[in-house]
Amino acid sequence: MPEQLGHHFLNIPGPSPVPDRVLRALSKQVIDHRGPDFQRLGREVLEGCRTIFKTSGPVVIYPSSGTGAWEAAIVNTLSPGDKVLMVETGHFATLWQKMASRLGIEVDFVPGDWRSGVDASLIEAKLVEDRGHAIKAVMVVHNETSTGVVSSIPAVRRAIDAAGHPALLLVDTISSLASVDYRHEEWGVDVTVSCSQKGLMLPPGLGFNAISEKAIAASKTNRMLRSYWDWEDMLKPNANGFFPYTPATNMLYGLREAISILLEEGLNAVFARHQKLASATRAAVRAWGLEILCRNEAEHSPVLTAVMMPPGHDADNFRRVVLENYNMSLGQGLSKVAGKIFRIGHLGECNALTLVAVLGGVEMGLSAAGVPHRGGGVAAAMAELQGSSLDNQTTDVRKG
Ligand SMILES: *Cc1c(COP(=O)(O)O)cnc(C)c1O
């Protein structure tokens, strides 16, 4: 099939494509994880992570998926029987809630419509009501990858402060870190959870916890059994650049390179590029006459766009047609929205021309799968891309 020539388009919203520079960095020989070369590497990546998470405090790196980093955040700060407040923004918020419940946490799970972000005023009201301070943590997902909706973390912080409530703030930034503006320290987050295979442009395999002083204090007194995930075991050797057990050395080579790439472009330019790619994608979807799952203009994800299928048309059949004809993987609808939506990932190593190709594949796929739509989506996206400063940002990347 001639369509299968050329590279595969991996446009699911994570894992995202890995840049060649990172692939080369990953392929270096393994070194002694107790030797001086490793110590330099360890110090560099731990310091680099502080820059990416925007914190002066510690960032713990686990050999794990994002799910592992979720668990680490819970078991280091909470105790069985503790109450927490969470919001059902979509599939990932639901999975995190289920994990907390399995660990014996009592979750007040605010229902959501899977089309909107966190309503900070509701959080404030719930915390004001909780005069006895039974709620120990507010846990939210920054970028809900199943719906393409971003929640305002500063608004959640303001809600907690306005209520004068001491609850910890735990945030999942698994699909937003290094793609969407995020500031662990300035926004007063206690634990930021993330992982390697989305905005950080690495393969799956690293999980992260950025930790505040308040979270460390909670970890000294909470009553949850833990061993592998224990922060204290990590933080002691991390102070010298080492790890308590064999670290994922080659992933750390990759992480060092990925951080360099991000800082050469500049984090603000990275964020602006994602915004621009997302707005061009929305221009295409609107030109096709299809509906975007995210309801509120201010909450559109810069990382992915979730597109609703017209009634009677199966999103998974459409995705299969796109894969078979154009060698491109699009994200599937998860749980509640399975078959009803598809997701276009435009994160990490993605630029204007990558996006034009991706949207070309979607537009041709809509025709090939017989999905009713108007033409002109790619043209609308190109107009959006040209009417912007993206060209200037691309120049900056080359200079870097
Ligand atoms: C991908 C993702 C996860 C899960 O990460 P895994 O590495 O698959 O465990 C959790 N939360 C969000 C928001 C995600 O996008």
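The values are calculated or read from the model by the stated rules, or taken from the named source; none is laboratory data. Fair warning: this is a prediction, and the values are worked out from it, not measured in the lab. Positions of Cβ are generated from backbone atoms using ideal geometry, with glycine treated the same way; all protein chains shown enter the neighbour counts. Side chains are part of the model used for accessible areas, which takes the heavy atoms of the whole protein and leaves out ligands, DNA and RNA. Shrake-Rupley method; radii C 1.70, N 1.55, O 1.52, S 1.80 Å.
What to note about this one:
- Kirkwood-type hydrodynamic radius, the stretch 94-218: 15.2 Å, calculated from all non-identical alpha-carbon pairs.
- Over the stretch 1-150 - Rg/Rh using Cα atoms and the Kirkwood inverse-distance radius: 1.06
- The stretch 1-78 versus the stretch 110-130: alpha-carbon centroid distance in Å: 32 Å
- The convex hull of the Cα atoms of the stretch 100-141, projected and averaged over all directions, covers 3.5 nm².
- Per residue of the chain, the DSSP helices (runs of n ≥ 4 H) give a summed -39500 (n - 2.57) that works out to -13500 deg cm²/dmol at 222 nm.
- Relative contact order (%) - the chain, alpha-carbon pairs under 8 angstrom, separation at least six: 23 percent
- Difference of contour (0.36 nm per residue) and Cα-Cα distance, S56 to L323: 91.8 nm
- Heavy-atom accessible area for L23, with the other protein chains in place and a 1.4 Å probe, reaches approximately 90 Å².
- Relative to the longest principal axis of the Cα atoms of the chain, the long axis of helix 377-386 lies at roughly 60 degrees.
- Equivalent ellipsoid dimensions for the stretch 220-291 as semi-axes, Å, which come from the Cα gyration tensor, largest first: 40, 20, 12
- Residues of the stretch 155-176 with amide N under 11 Å of the 7 Å Cα→Cβ point at V128: 162-164
- Here's the list of lysines a cross-link from K336 could span, going by alpha-carbon distance under 19 Å and ignoring same-chain residues fewer than 8 apart: K98.
- The largest accessible area among F242, F38 belongs to the first residue in F242, F38, and the rest follow in falling order (1.4 Å probe, all chains).
- Cα radius of gyration and Dmax for the chain (Å): 21.2, 66
- Sequence-distant aspartates and glutamates (8 or more away, or on other chains) whose Cα lies within less than 14 Å of K220: D230, E232, D233
- Unsatisfied cross-links (Cα-Cα over 31 Å) in the set K54/K136; K54/K340; K54/K236: K54/K340
- Prolate/oblate/rounded label for the stretch 267-399 (Cα gyration tensor, a/c 1.5): prolate
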